[in-house]
Amino acid sequence: MSFSSKAKGEICRTSPGKSCCKLSELAALIHTSGTIHLEGKGQVNIKITTENSFIARRLFMLIKDLYNASAEILIRKNSRLRKNNSYILHIAKPGLSAQILRDTFILYSDRNGNTRINSDISEELVKKKCCKKAYLRGAFLGGGSVSDPEKAYHMEFVAHSEKYGESLCSLLNELNVNAKLIVRKNSFVVYIKEGEHIVKLLSLIGAHTALLNLENIRIYKDMRNNINRIVNCETANLSKTVNAAVKQIENIEYIKNNIGLSALPASLREIAELRLRYPDASLKELGDMTRPAVGKSGVNHRLRKLERIVEAHKKDRRGS
């Protein structure tokens, strides 16, 4: 089972809350995975389709709790490509369907008394914070998904229209969840990329176990990235130190073969002999071996002097 399916299954086991929250969640489910079928004489019925049996059961209970009515659940087997079964919740009673659509503000009457379909999120449904969370819960169950955090931090909602996508995006941002809207093929997608914002939304909609699993993975990945950064930094520093030591030894060998170490001042001869004897020692370790001891800057200064002696000698030889 995918990370997204586990999160949805967990949400379906939570209490839907008060009647106002149940209505908001039902509205979101109809908006994201429902279809409205117009019958003759202005009659309508609703079909809500899902591949998740937990969501189908939750839809059934929401309608039962809100309207004391039962909806018909049809199971369609998908034989192609071994896909999951589809569960179709069918509200065939025209009167009940119309009532649900009006209660969720999906159907409304215009000034001329004509029935219209509202593709936006009604403010009446999300007045309270609890109802905002309930609506997002339903939107995630009906049209949302979250990627496996081992691979990427990504959560998204598929919207049926740009207007609905903008409203959903605004609702998320209102709850301090950074969401953005893009067009993908023929759909509008509201997406969240930052791990901390995905964690916040999972908390808001009641997927606490999924949240903890995501946080554990985030901590592990952050720790692994920090270790990699430290190792890379230390490797780079070690490489730099080794390259510098090789260059220093080359300079001292040049002086030894072409000038003679005995021709050097005592302080320079001392550091040259120490570098030849201890090629892997750090500047600090070399400084501790000198008499009297000198600091890293003092050792570096002497080694730079040796380098300048080599450069000057090579220049003189080229000139002659």
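The values are calculated or read from the model by the stated rules, or taken from the named source; none is laboratory data. Here the structure is a predicted model, which is why all the values come from computation and not from measurement. Note that we place each Cβ from the backbone using ideal geometry, even for glycine, and neighbour counts take in every protein chain shown.
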Among the residues of the stretch 137-144, is any within 23 Å of Y191 (Cβ to Cβ), at pLDDT 90 or above, out of contact with any His (no Cβ under 7 Å at 6 or more places or on another chain) and of a type in the set (F, W, Y)? yes
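Is it the case, given these coordinates, that S33 is at pLDDT 85 or above, within 18 Å of L107 (Cβ to Cβ) and within 34 Å of the chain's Cα centre (by Cα)? Give the derivation first.
Values: at pLDDT 85 or above: yes; within 18 Å of L107 (Cβ to Cβ): yes; within 34 Å of the chain's Cα centre (by Cα): yes.
Yes; evaluated as a whole, the condition is true for this residue.
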Of the conditions (1) modelled with pLDDT under 90; (2) over 30 Å from E150 (Cα atoms); (3) not acidic (D, E), M289 fails just one. Which one is it? (1)
Can you find, within the stretch 80-105, the residue that is surrounded by the most Cβ atoms within 10 Å (Cβ to Cβ) among those that are closer than 16 Å to L23 by Cβ and small (G, A, S)? S97
If we scan the stretch 191-201, do we find a residue that is closer than 17 Å to N176 by Cβ, in the same structural domain as R137 (by TED's automatic domain parsing), assigned to a loop (DSSP other than H, G, I, E, B) and not acidic (D, E)? yes
Mind counting the residues in the stretch 103-117 that are without any contact (Cβ under 8 Å) to a residue 24 or more places away in the chain and out of contact with any Ser or Thr (no Cβ under 9 Å at 6 or more places or on another chain)? 5
Does any residue of the stretch 123-143 turn out to be of a type in the set (D, E), closer than 15 Å to S33 by Cα and in contact with a Phe, Trp or Tyr (Cβ under 7 Å, 6 or more places away or on another chain)? no
From the list I46, I63, which residue is in a helix (DSSP H, G or I), under 14 Å from K93 (Cβ atoms) and either over 31 Å from the mean Cα position of the chain (by Cα) or of a type in the set (F, W, Y) (or both)? I63
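How about the stretch 26-43: which of its residues are in a helix (DSSP H, G or I) and of a type outside the set (K, R)? Spell out the reasoning first.
Looking only at the stretch 26-43, we keep the residues that are in a helix (DSSP H, G or I), and these are 26-33, 40-42.
L26, A27, A28, L29, I30, H31, T32, S33, G40, G42, listed by residue number.
Run down I106, I117, I75, I91 and say which single residue is in the same structural domain as S24 (by TED's automatic domain parsing), farther than 24 Å from K8 by Cβ and at pLDDT below 90. Even if it seems obvious, please write down each step before you answer.
Working: I106 fails: farther than 24 Å from K8 by Cβ; I75 fails: farther than 24 Å from K8 by Cβ; I91 fails: farther than 24 Å from K8 by Cβ.
Answer to the check: I117.
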Check I219, I227, I255 and return the single one that is of a type outside the set (S, T, N, Q), at pLDDT 85 or above and farther than 30 Å from E311 by Cβ. I227
Filtered residues of the stretch 108-127 (kept if within 16 Å of L26 (Cα to Cα) and of a type in the set (K, R)): K127
Report yes if R224 is exposed (fewer than 11 other Cβ atoms within 10 Å of the Cβ) and not assigned by TED's automatic domain parsing to the domain that holds E311, otherwise no. yes
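Given the criteria of a type in the set (A, V, I, L, M, F, W, C), assigned to a loop (DSSP other than H, G, I, E, B) and touching a residue at least 12 places away in the same chain (Cβ under 8 Å), does V177 qualify? Steps first, please.
Values: of a type in the set (A, V, I, L, M, F, W, C): yes; assigned to a loop (DSSP other than H, G, I, E, B): yes; touching a residue at least 12 places away in the same chain (Cβ under 8 Å): yes.
So V177 fits the description; yes.
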Given the structure, is V183 among the β-branched types (V, I, T) and surrounded by 16 or more Cβ atoms within 10 Å (Cβ to Cβ)? no
Is it fair to say E156 is farther than 18 Å from L214 by Cβ and touching a residue at least 12 places away in the same chain (Cβ under 8 Å)? no
Please count how many residues of the stretch 106-153 are surrounded by fewer than 14 Cβ atoms within 10 Å (Cβ to Cβ) and of a type in the set (A, V, I, L, M). 2
Would it be correct to say that E156 is modelled with pLDDT of 90 or more, charged (D, E, K, R) and outside any helix (DSSP H, G or I)? yes
